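In what follows, a structure is listed as structure tokens, so that the remarks can point back to it.
The values are calculated or read from the model by the stated rules, or taken from the named source; none is laboratory data. All of these numbers come straight from a predicted model, not from anything done at the bench. Glycine also receives a Cβ, built like all others from the backbone with ideal geometry; neighbour counts cover every protein chain displayed. These accessible areas exclude ligands, DNA and RNA; they are computed on the full protein's heavy atoms, side chains included. Shrake-Rupley method; radii C 1.70, N 1.55, O 1.52, S 1.80 Å.
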Amino acid sequence: QVQLVESGGGLVEAGGSLRLSCAASGRTRGSYAMGWFRQAPGKEREFVAAIVKSTGATTSAESVKGRFTISRDNAKNTVYLQMNSLKIEDTAVYYCAADVHYQQAVSTSYYSRPSNYDFWGQGTQVTVSS
């Protein structure tokens with residue numbers, strides 16, 4: 001019902017910045033919230049940030065707080081992840097995901113769980129070099 005395509009990944013040096021985009025198509029108005037996750041080889045998929053599309057309320061992981069900012073442009077059906085002060089440990093494939101279900105609260109415990117999302121993009125590689 002929802003197709004998600006990430007873009008904006010690439011190779012940057014530590015301390016640099018990237019902005020990832022997630023373009024949604026299909027039944028996009030059914031999505032209540034959008035999230036960003038990342039996964040490094042051999043590691044679990046890790047929550048990065050999420051945003052409620054209607055209100056703009058956000059939640060993010062402590063590891064990226066103050067460095068990464070999630071935002072959305074509902075008119076463009078696009079969600080962004082602005083990544084500043086990148087560290088080597090930020091290297092991963094970054095995925096966006098959509099949750100179609102209403103939630104009463106913006107809860108990190110809920111939005112940090114990949115199983116709570118209904119649709120996923122294919123990911124975009126972010127590599128941070130020293």
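Out of VAL64, VAL128, which single residue is assigned to a loop (DSSP other than H, G, I, E, B), open to solvent by less than 80 Å² (accessible area, probe 1.4 Å), in contact with a helix residue (DSSP H, G or I) (Cβ under 9 Å, 6 or more places away or on another chain) and under 19 Å from GLY10 (Cα atoms)? Of VAL64, VAL128, the one residue that is assigned to a loop (DSSP other than H, G, I, E, B), open to solvent by less than 80 Å² (accessible area, probe 1.4 Å), in contact with a helix residue (DSSP H, G or I) (Cβ under 9 Å, 6 or more places away or on another chain) and under 19 Å from GLY10 (Cα atoms) is VAL64. When ARG29 is tested against the conditions (1) closer than 14 Å to LEU4 by Cα; (2) in a strand (DSSP E or B), the lone failure is (2). Of the residues making up the range 7-20, those that are within 17 Å of SER71 (Cα to Cα) and open to solvent by 20 Å² or more (accessible area, probe 1.4 Å) are SER7, GLY8, GLY9, SER17, LEU18, ARG19. Take the range 100-130 and flag every residue that is polar (S, T, N, Q) and farther than 22 Å from ARG29 by Cα. Scanning the range 100-130 gives THR108, SER109, THR124, GLN125, THR127, SER129, SER130.
Among residues of the range 12-41 that are in contact (Cβ under 8 Å) with a residue 60 or more places away in the chain, those with a Cβ under 7 angstrom from a residue that is open to solvent by 10 Å² or more (accessible area, probe 1.4 Å) and in a helix (DSSP H, G or I), sequence gap 6+ or separate chain, pair up as ALA14/ILE88; PHE37/PRO114. All conditions in (1) over 11 Å from the mean Cα position of the chain (by Cα); (2) over 19 Å from THR124 (Cα atoms) hold for ALA33, with the sole exception of (1). Scanning the range 83-121 for residues that are out of contact with any Cys (no Cβ under 7 Å at 6 or more places or on another chain), in a strand (DSSP E or B) and open to solvent by less than 60 Å² (accessible area, probe 1.4 Å) yields MET83, ALA92, VAL93, TYR94, TYR95, ALA97, ALA98, ASP99, PHE119.
I need the full set of residues from the range 1-18 which are within 19 Å of ALA98 (Cβ to Cβ) and of a type outside the set (Gly, Ala, Ser), in order please. Once the filter is applied, which keeps residues that are within 19 Å of ALA98 (Cβ to Cβ) and of a type outside the set (Gly, Ala, Ser), the range 1-18 yields GLN1, VAL2, GLN3, LEU4, VAL5, GLU6.
Among the residues of the range 39-56, those identified as in contact with a helix residue (DSSP H, G or I) (Cβ under 8 Å, 6 or more places away or on another chain) and either among the aromatic types (Phe, Trp, Tyr) or buried (at least 23 other Cβ atoms within 10 Å of the Cβ) (or both) are PHE47, ALA50.
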